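Working notes, structure below.
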């Protein structure tokens, strides 16, 4: 089951879903539209290593937009900060975004119960495309959870993506033991 607009509104009222900034016009029949924040980032190295802390450089999207290039991974961030305390949030690209050849996540479309942050986007494109801060980029859908959650993301000792970010966050794979 996916939460309907009515259910999303009820959960916002209860405080189990938080969206900041929130604008009612972004609520669809069963999703909430999120927008591209003003920061993008790129990895500093062309070869990445899963055991290494791969650093990134942030830059602000100028007023005239920024042209994404194929074969390049960009990290973006949602304008919206979200909290999800009783549901599993999924982030999907909007169809209009996809029709421009933009993918907004490589593998990480599912959030965890207890995720409290802006969403880092793993952006790639199939041809050059100009993007703008504040443009609709994706949509959040929410799934109910069956049973009690004992290990919420925001209370896990090993949670790597906590804190309130307005800039994209690089991979923290290097913090895993392998």
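Taking 109, 163, 147 as the candidate residues, the one with maximal mean-square fluctuation in a Gaussian network model of the chain, Cα springs under 10 Å, is 147. For the range 73-130, treating each Cα as an identical point scatterer without solvent, what Debye log10 I(q)/I(0) comes out at q = 0.15, 0.19, 0.22, 0.25 1/Å? The computed values of log10 I(q)/I(0) come out as -0.46, -0.70, -0.88, -1.05.
Note on the range 10-68: Kirkwood radius taken over Cα pairs, Stokes-Einstein applied at 37 °C and 0.692 mPa s, translational D equal to 216 µm² s⁻¹.
With a simple spin-label model that places each label point 7 Å from the Cα along the Cα-to-Cβ direction, the separation between residue 173 and residue 72 comes to 2.1 nm. By the Cα gyration tensor, the range 43-158 has an equivalent ellipsoid whose semi-axes, rounded to whole angstrom, run 28, 19, 13 from largest to smallest. Hydrodynamic radius of the range 120-168 by the Kirkwood approach over all distinct alpha-carbon pairs: 15.0 Å.
Pairs of Cα atoms in the range 6-106 fall into 5 Å distance bins, from 0 up to the last occupied one, in shares of 2, 9, 17, 20, 16, 15, 11, 6, 2, 0 percent.
The numbers here are math on the coordinates, done by the rules we state, and not lab data. Bear in mind that the values here come from a model prediction, so they are computed numbers and not experimental data. Neighbour counts run over all protein chains shown; Cβ positions are idealised from the backbone, glycine included.
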